[in-house]
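Enquirer: This is the structure I want to talk about, given as structure tokens.
The values are calculated or read from the model by the stated rules, or taken from the named source; none is laboratory data. The model shown is predicted, which means the values in this text are computed figures rather than measured ones. Backbone-built Cβ (ideal geometry, glycine too); neighbour counts: all protein chains shown. Surface areas here come from the heavy atoms of the whole protein model, side chains and all, with no ligands, DNA or RNA. Shrake-Rupley method; radii C 1.70, N 1.55, O 1.52, S 1.80 Å.
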Amino acid sequence: ARKVVDLWADRTAALGARDDVRYVLVFENRGADVGATISHPHGQIYAYDHVPERQEQRVPWRPDPDPGERLVAERDGWAAWVPYAPMFPISIELAPRRHLVDLPAMGDTDRAALAGLLVDVLGRLDRLWGRPLPYMLWLNQHPDGWFNVEIVSPWRQPGVMRFIAAAEVASTEYFNEVVPEDLAATLRDL
């Protein structure tokens with residue numbers, strides 16, 4: 001996992017140094033339920049000539065300073081928690097407690113902590129229902145933002161997809177039956 005984090009950082013730095021690149025998106029998918037054509041986790045890196053709208057809107061984002069019952073795990077100055085009122089049934093955010101903007105800004109300790117926390121959280125997600133959980137994972141990194149990782153899954157029960165309804169898309173207000181504190185408690189126990 002640490003080698004993957006280092007590769008992400010190296011590719012982010014190399015692509016970000018190009019004059020025609022404004023944003024580097026690192027992401028990973030696993031499972032047909034999230035549109036992946038192969039079942040094992042696999043990542044990609046996109047280089048954009050602009051900052052995508054969602055990432056631009058997340059610039060004021062800060063980690064939850066006290067997620068309380070929504071905390072899943074902590075490791076060496078990093079935390080993972082279930083966000084308040086998430087759009088997806090399974091939704092986890094990971095971030096350093098101190099301000100870092102992107103992967104290249106991280107030193108050895110932060111890269112190791114991120115790798116360890118990713119392994120921890122992804123393992124918990126796979127133990128949630130005793131089988132590999134389909135997920136989407138992406139890294140939000142912006143020179144004016146706070147580095148964070150989002151992991152989401154459309155499953156609301158083992159093998160049961162949650163579909164987004166017209167009212168949710170129309171209003172951008174999502175109705176999620178999963179209680180964040182309950183999901184976090186279950187994941188902590190795993």
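Enquirer: Collect the residues in the range 42-59 that are out of contact with any helix residue (DSSP H, G or I) (no Cβ under 8 Å at 6 or more places or on another chain) and either open to solvent by less than 90 Å² (accessible area, probe 1.4 Å) or of a type in the set (G, A, S) (or both), keeping them in residue-number order.
Expert: H42, Q44, Y48, H50, V51, P52, Q55, E56, R58, V59, listed by residue number.
Enquirer: Tell me, which residue of the range 33-91 that is assigned to a loop (DSSP other than H, G, I, E, B) and small (G, A, S) is modelled with the highest pLDDT?
Expert: Within the range 33-91, the match that is modelled with the highest pLDDT is G77.
Enquirer: Please state which one of E177, E168 is more than 25 Å from G77 (Cα to Cα) and part of a loop (DSSP other than H, G, I, E, B).
Expert: Result: E177 is the single residue among E177, E168 that is more than 25 Å from G77 (Cα to Cα) and part of a loop (DSSP other than H, G, I, E, B).
Enquirer: Whether any residue in the range 133-152 is part of a helix (DSSP H, G or I) and either under 22 Å from H42 (Cβ atoms) or open to solvent by 60 Å² or more (accessible area, probe 1.4 Å) (or both) is what I want to check.
Expert: No, there is no match, as no residue in the range 133-152 is part of a helix (DSSP H, G or I) and either under 22 Å from H42 (Cβ atoms) or open to solvent by 60 Å² or more (accessible area, probe 1.4 Å) (or both).
Enquirer: In the set G145, G116, which member is in contact with a helix residue (DSSP H, G or I) (Cβ under 9 Å, 6 or more places away or on another chain) and under 21 Å from V24 (Cα atoms)?
Expert: G145
Enquirer: May I ask you to say which residue of A95, A80, A73 is touching a Pro at 6+ places or on another chain (Cβ under 6 Å) and closer than 22 Å to R124 by Cβ?
Expert: Matching residue, one of A95, A80, A73: A95.
Enquirer: Cβ-Cβ under 7 Å, sequence separation 6+ or interchain: first residue in the range 118-129 and at negative phi, partner of a type in the set (K, R) and open to solvent by 40 Å² or more (accessible area, probe 1.4 Å). Which pairs?
Expert: These pairs meet every condition: D120/R75.
Enquirer: Given the residues A170, A184, A165, which is the only one that is at pLDDT below 95 and open to solvent by less than 70 Å² (accessible area, probe 1.4 Å)?
Expert: Result of the check over A170, A184, A165: A165.
Enquirer: Are any residues in the range 2-32 open to solvent by 70 Å² or more (accessible area, probe 1.4 Å) and not in a helix (DSSP H, G or I), and if so, which ones?
Expert: Those that are open to solvent by 70 Å² or more (accessible area, probe 1.4 Å) and not in a helix (DSSP H, G or I): A17, R18, D19, D20, R22.
Enquirer: Something else now. May I ask you to list pairs of residues, at least six apart or on different chains, whose Cβ atoms are under 8 Å apart, with the first in the range 12-34 being under 16 Å from H142 (Cα atoms) and the second being open to solvent by less than 30 Å² (accessible area, probe 1.4 Å) and among the aromatic types (F, W, Y)?
Expert: What qualifies is V26/W8.
Enquirer: Next question, about the same structure. Please work out if A73 is small (G, A, S), surrounded by fewer than 21 Cβ atoms within 10 Å (Cβ to Cβ) and under 15 Å from the mean Cα position of the chain (by Cα).
Expert: Answer is yes for this residue.
Enquirer: In the range 87-105, which residues are surrounded by 13 or more Cβ atoms within 10 Å (Cβ to Cβ) and over 17 Å from the mean Cα position of the chain (by Cα)?
Expert: P104, A105
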